[in-house]
1. Over all pairs of distinct alpha carbons, what does the Kirkwood formula give as the hydrodynamic radius of region 1-109, in Å?
2. Using the Cα atoms as the points, what is the convex hull volume per residue of region 103-191 in Å³?
3. Please list, in order along region 78-86, the HN-Hα scalar couplings obtained from phi with the Karplus expression 6.51 cos²θ - 1.76 cosθ + 1.60 (θ = phi - 60°), rounded to whole Hz, x for Gly and Pro.
4. Remind me, relative contact order of the chain in percent, using alpha carbon pairs under 8 angstrom and six or more residues apart?
5. Quick one: work out Rg over Rh on the C-alpha atoms of the chain, Rh as Kirkwood radius.
6. Could you state the number of Å between the C-alpha centres of region 50-115 and region 13-37?
7. For HIS298, HIS252, which order do you get if you count the other beta carbons within 10 Å of each Cβ and list the fewest first?
8. Quick one: grab the alpha carbon gyration tensor of region 1-57, order the square roots of its eigenvalues as a ≥ b ≥ c, and give me rounded if a/c is under 1.5, else prolate or oblate depending on whether a/b is larger than b/c.
Amino acid sequence: MKHYDVAAYIWPSYTGKEPRTRQFWEQGIGEWQTVLSAVKRTEDQILPRKPLWGTVDEADPKVMEFQIQEALRHGVNVFIYDWYWYDRRPFLEQCLDEGFLGAPNNTDMQFYLMWANHDANYTWDKRQSDLSEIIWLGSQPRDEFDRICQGVIDLYFKRPNYYKINGCPVFMIYDMENLVRGLGGIQKTREATAVFRNAVKEAGFPDLHLQAVIWSEKSVNVSGVDSLHEGSTRDMVEMLGFDSVTHYQFCHFADCNRDYMDVLADVSKEWERIRTEYKVPYYPHISIGWDNNPRFNHLTLPIIRNNTPDRFREGLEMAKEYSDTYNELPLITINSWNEWTEMSYLEPDDVYGYGYLEAVRKVFLES
């Protein structure tokens, strides 16, 4: 049976061990506080939902030992950790550093980082989630970028279970435009990433594998300084020398206020466009759903509907076929392991049980 690298994103907010989260979730249980407050706002929503494993602390090594076991048993063999750097230091790193890396079986599972370098606002605070004010900037100047790069090399890349492509540690960037904004333009960003690559080589690796999260093919500011130089996501991937691309969520590029199967049809078309227009590999991405209402006190759209485990399985089959047809490396990304407040998670709940995990197992371990 062919091996696939099935990589699920992890949103590391389900812990109270990060003191700075108390401004968003004052009860000290992380974003479980928001999950527990979710209410149904339309007739076709299936809310609230409860985690079958309970509101566990995912920075607890014992909790993650069990979750690693369950992930592997169902065919998920890579975790992609959303990784943050705000106010000159990491944020929400406890789930990775203490939970996952502290689990005695962590080396059975591979992992890598997605630097979630977006600005932080009040979306995480349900009391004030409509406010647009920025709390922390995600863009970072050159000196901070250099600190980040050396830190991830020392803390993560050197671990035997850090995910690598052709021996090169993979580092994913969530927001390319914010990266360029912080570093001061395309040329300065290229200079900074070149230094990052050299540091990775000096650490004993063949090179760095830079992976980009792509959104829609929108015009973006590629200068990092003004609005006079516009381009596309495709332009930025090429100009910045990224090695591969994938997605983080369907809602970043598709109309998600409709039936799941209609969304999948457009996702397939987008994959084909990317395959023909981009010069680097695209690793297919499947989202389980989208409904951000748990974070708000009023109805917010879009909402993906009828995203049952069986329909999710059809998406996985689509990703598997794409991978078999076009990619040498069989990497597939999934949103997500635990995005409960966006209603896109593999962890079992009181509605579908283990249904989403079983879909992964059937596609990648049985067929």
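1. 15.3 Å
2. 136 Å³
3. Per residue, the Karplus-derived 3J(HN,Hα) values read 9, 10, 9, 8, 4, 10, 10, 9, 10 Hz.
4. 18 percent
5. Computed over Cα atoms, the ratio is 0.93.
6. When both Cα centres are located, 16 Å separates them.
7. Taking fewest neighbouring Cβ atoms as first place, the list is HIS298, HIS252.
8. Because a/c hits 1.5 or more and a/b fails to exceed b/c, region 1-57 counts as oblate.
Laboratory data are not the source of any read-out in this text; all were calculated from the coordinates shown. What you see is a predicted model, and the numbers here were worked out from it, not measured in a lab. Reconstructed Cβ throughout: ideal geometry from the backbone, glycine too, with neighbour counts over all protein chains shown.
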